[in-house]
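S.K.: Here it is, the structure in full.
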Amino acid sequence: MTKKSQTRQMITSRRHFLGRTLLLGLGCANVPIFTASAVSDSRPNFIVILCDNLGYGDVVCFGSELHRTPNIDRMAAEGMQFTDFYATSGVCTPSRASLMTGCYPRRVNMHVAGDGGAVLRPVSKKGLNPKEVTIAEVLKSRGYATACIGKWHLGDQLPFLPRRQGFDYYLGIPYSDDMTQRQGRDWPPLPLMENEKVIEAPADRNLLTKRYTDKAIEFITANKNRPFFVYLPHAMPGSTRAPFASKEFRGKSANGPWGDSVEELDWSTGEILRTIKQLGLDERTLVIWASDNGAPRRNPPQGLNLPLVGWGYTTAEGGQRVPCIMRWPGRIPAGTTCSELCTMMDLLPTFARLAGAGIPKDRIIDGHDIRPLITGKAGAKSPYAAFYYYYMEQLQAVRSGKWKLYLPLEAKWQNFSGRTKPSHAELYDLEADLGETRNLANEHPDVVTRLLALVEKAREDLGDVDRPGKNQRPAGFVAEPTPRNLRQ
């Protein structure tokens, strides 16, 4: 999409507000050392519902005029909408690694696949290093029951699967729904796994949302008398050009298969919220609903990122700024909006503090405790002095406060096949110009200079193309990967 056509998308844009930011840093080492915070009298439950490739403007409370999403809208009315919530990548493996570890993908070397691609593919040697500390492991230290139900995509080999990363239970597909058996690839039929066993191959993708929802409800019900963490990363709307939905939702929306899958995701959210209410867990449960990245560009369009510019799989706002809602009756003020910058990396340190758990103090954790933002504390500000947008290995943009700078690059990566072109500096005031229609780089050279200095800090710390970062940690690798299939 050209900049001009993107600008035309902004006719329906709504006002968003940004805040000032601060920076935190922690030390780095190889072995996890936990420092416990004050123990809470009551350990809250946590449910994280993560959609796949859902656009910023794909639900009504974030501006959709195509989809019916009454349950998600009600969740927003009963909780807080986050207008400036970011995934750390425009694609799924890196963003999910950040959610699990509280770190930038480059920090944990999950920013590229082992074969140089953007995301992990089936039968990959690479995965999330088991030495990393996940949200599930942090919460298990405080006695939580933990379940991952849905799309994992952090490695399909045994050392990298959820049961090896702190989860008591797993049901789901280990990578994207479009990574199916095909000629020329040593890929198995798409496996549906329970714990570490394939129970169906190929998985019936039309039933995934329903099966995940039913199993999440079962797990919540079984653990209603103890604290629990349910990570529910849906496979939908997903990566195929004709997303899947059960027969109750197929052909029912005004936006084809994409809309059908979105409306079934809304049903799923409603079932989860209904369950915790019926079990009397409302005031003990923080529910977070978000997407892993923006909707990809399709022709004709399917998902929409309005009022943001650009598409998923990029470092545009539409690629990495995602819709987010948090609900916790009695703790999160109902019907409120937070327009401070925060990210998926913040979930680990925030959950740890809320649960009275320890957090790793022997390594850098890039996320921050955002309890003041979640609870609506007066004057609470974003903890970020800078937020960095990486496209695979390349640092392409930085945001600080209201300013976003697209970097001047001799060879800016354009796609996953390696196409590049030169780019010049583009500076936008996202508070006054969410549609990025007016490049202010020439009018504010001082801001450009300040942001470029922040970029150099990131390049030294996290790295850039052909430049390892000083504080990167290794991913995990296996010598001989094997397919996950029913013959095992």
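The values are calculated or read from the model by the stated rules, or taken from the named source; none is laboratory data. From a predicted model like this one, the values you see are computed outputs, not experimental measurements. Counting neighbours? That spans all protein chains shown, and the Cβs are built from the backbone with ideal geometry, glycine included.
S.K.: State all residues of segment 280-302 that are of a type in the set (S, T, N, Q) and buried (at least 21 other Cβ atoms within 10 Å of the Cβ); if no residue qualifies, say none. Steps first, please.
M.R.: The initial filter retains those residues of segment 280-302 that are of a type in the set (S, T, N, Q), namely 285, 291, 293, 299, 302.
Correct list: Thr285, Ser291, Asn293, Gln302.
S.K.: Does Val478 qualify as being over 23 Å from Glu317 (Cα atoms), among the hydrophobic types (A, V, I, L, M, F, W, C) and over 25 Å from the mean Cα position of the chain (by Cα)? It would help to see each step written out before you state the result.
M.R.: Working: over 23 Å from Glu317 (Cα atoms): yes; among the hydrophobic types (A, V, I, L, M, F, W, C): yes; over 25 Å from the mean Cα position of the chain (by Cα): yes.
Considered against the rule, which asks whether it is over 23 Å from Glu317 (Cα atoms), among the hydrophobic types (A, V, I, L, M, F, W, C) and over 25 Å from the mean Cα position of the chain (by Cα), Val478 comes out as yes.
Okay, residues lined up against (1) farther than 18 Å from Asp466 by Cβ; (2) buried (at least 22 other Cβ atoms within 10 Å of the Cβ); (3) basic (Lys, Arg):
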residue	(1), (2), (3)
Asp369	yes, no, no
Lys377	yes, no, yes
Ala386	yes, no, no
Tyr389	yes, yes, no
Lys404	yes, yes, yes
Pro422	no, no, no
Glu431	yes, no, no
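S.K.: Here are some conditions: (1) in contact with a Phe, Trp or Tyr (Cβ under 7 Å, 6 or more places away or on another chain); (2) in contact (Cβ under 8 Å) with a residue 12 or more places away in the chain. Glu340 meets all but one. Which one does it not meet?
M.R.: (1)
S.K.: Please go through segment 72-89 and pick out each residue that is of a type outside the set (A, V, I, L, M), in contact with a Cys (Cβ under 6 Å, 6 or more places away or on another chain) and not in a helix (DSSP H, G or I). Break it down into steps so the answer makes sense when it comes.
M.R.: First, the residues of segment 72-89 that are of a type outside the set (A, V, I, L, M): 73-74, 78-79, 81-86, 88-89.
The next check asks that each one be in contact with a Cys (Cβ under 6 Å, 6 or more places away or on another chain); those that pass are 73, 82, 85.
Those that are of a type outside the set (A, V, I, L, M), in contact with a Cys (Cβ under 6 Å, 6 or more places away or on another chain) and not in a helix (DSSP H, G or I): Phe82, Phe85.
S.K.: Additional query: It is to be established whether one or more residues within segment 303-321 are within 18 Å of Ile49 (Cβ to Cβ) and surrounded by fewer than 24 Cβ atoms within 10 Å (Cβ to Cβ).
M.R.: Among the residues of segment 303-321, not one is within 18 Å of Ile49 (Cβ to Cβ) and surrounded by fewer than 24 Cβ atoms within 10 Å (Cβ to Cβ), which makes the answer no.
S.K.: Looking at segment 404-416, I want the residues that are farther than 24 Å from Tyr384 by Cβ and have a partner that is surrounded by 13 or more Cβ atoms within 10 Å (Cβ to Cβ) and among the small types (Gly, Ala, Ser) with Cβ atoms under 8 Å, at least 6 apart or on another chain. Which pairs are those?
M.R.: Qualifying pairs under 8 Å: Phe416/Gly117; Phe416/Ala118.
S.K.: Could you check segment 433-454 and list, in sequence order, the residues that are buried (at least 19 other Cβ atoms within 10 Å of the Cβ) and either out of contact with any Phe, Trp or Tyr (no Cβ under 8 Å at 6 or more places or on another chain) or not assigned by TED's automatic domain parsing to the domain that holds Gly401 (or both)? I'd like the intermediate steps shown before the answer.
M.R.: Within segment 433-454, the first condition is being buried (at least 19 other Cβ atoms within 10 Å of the Cβ), and the residues that meet it are 434-436, 448, 451.
Hits for segment 433-454 are Leu434, Gly435, Val448.
S.K.: Within the group Arg321, Arg298, which residue is at pLDDT below 95 and either on the phi < 0 side of the Ramachandran plot or within 17 Å of the chain's Cα centre (by Cα) (or both)?
M.R.: Numbers: Arg321 fails: at pLDDT below 95.
One residue alone meets the criteria, Arg298.
S.K.: For residues in segment 427-465 being in contact with a helix residue (DSSP H, G or I) (Cβ under 9 Å, 6 or more places away or on another chain) and in contact (Cβ under 8 Å) with a residue 60 or more places away in the chain, which is nearest to Met392 (Cα to Cα)?
M.R.: Asp464
S.K.: Out of (1) farther than 30 Å from Asp464 by Cβ; (2) out of contact with any Asp or Glu (no Cβ under 8 Å at 6 or more places or on another chain); (3) in the same structural domain as Ile49 (by TED's automatic domain parsing), what's the single condition that is false for Arg363?
M.R.: It fails just one condition, (1).
S.K.: If the Cβ limit is 9 Å and pairs must be 6+ apart or interchain, which residue in segment 187-201 that is over 9 Å from Pro483 (Cα atoms) pairs with which residue that is among the hydroxyl-bearing types (Ser, Thr, Tyr) and in a strand (DSSP E or B)?
M.R.: Here the result reads Met193/Tyr170; Glu194/Tyr169; Glu194/Tyr170; Asn195/Tyr169; Asn195/Tyr170; Glu196/Tyr170, each pair linking segment 187-201 to a residue that is among the hydroxyl-bearing types (Ser, Thr, Tyr) and in a strand (DSSP E or B).
S.K.: Within segment 428-457, count every residue that is basic (Lys, Arg) and within 25 Å of the chain's Cα centre (by Cα).
M.R.: Of the residues in segment 428-457, the ones basic (Lys, Arg) are 438, 450, 457.
Narrowing further to those that are within 25 Å of the chain's Cα centre (by Cα): 457.
Count: 1.
S.K.: Restricting the search to segment 361-407, which residues are more than 19 Å from the chain's Cα centre (by Cα), basic (Lys, Arg) and modelled with pLDDT of 95 or more?
M.R.: Residues satisfying the conditions are Arg363, Lys377, Lys381, Lys402, Lys404.
S.K.: Let me ask you something else. Quick check on this structure: which one of Met326, Met345 is closer than 15 Å to Ser98 by Cβ, aliphatic (A, V, I, L, M) and assigned by TED's automatic domain parsing to the domain that holds Arg241?
M.R.: Details: Met326 fails: closer than 15 Å to Ser98 by Cβ.
Sole residue among the options that is closer than 15 Å to Ser98 by Cβ, aliphatic (A, V, I, L, M) and assigned by TED's automatic domain parsing to the domain that holds Arg241: Met345.
S.K.: Right, something else. Could you look through segment 45-63, keep only residues that are part of a loop (DSSP other than H, G, I, E, B) and in contact with a helix residue (DSSP H, G or I) (Cβ under 8 Å, 6 or more places away or on another chain), and pick out the one that is farthest from Ser261 (Cα to Cα)? Don't jump to the end; show me each part of the working.
M.R.: First, pick out the residues of segment 45-63 that are part of a loop (DSSP other than H, G, I, E, B): 53-59, 63.
So of that shortlist, the ones also in contact with a helix residue (DSSP H, G or I) (Cβ under 8 Å, 6 or more places away or on another chain) come out as 53-56, 58-59, 63.
On the way: Asn53: 11, Leu54: 10, Gly55: 13, Tyr56: 15, Asp58: 11, Val59: 12, Gly63: 18 Å.
The residue in question is Gly63.
S.K.: State which residue is surrounded by the most Cβ atoms within 10 Å (Cβ to Cβ) when the search covers only segment 236-279 and only residues that are under 15 Å from Lys210 (Cβ atoms) and among the small types (Gly, Ala, Ser).
M.R.: Ranking the candidates gives Ser261 first.
S.K.: Counting only residues that are crowded, with 22+ Cβ neighbours inside 10 Å, give me the strands (runs of 3 or more DSSP E) lying completely in segment 157-235 with at least 1 of them. Please lay out each step first, then the result.
M.R.: Values: elements: 169-172, 192-194, 197-200.
The strands (runs of 3 or more DSSP E) meeting that bar are 169-172, 192-194.
S.K.: Ok, one more. Scan (1) closer than 25 Å to Tyr169 by Cβ; (2) not polar (S, T, N, Q); (3) not in a loop (DSSP other than H, G, I, E, B) for the single condition Val262 breaks and write down its number.
M.R.: (1)
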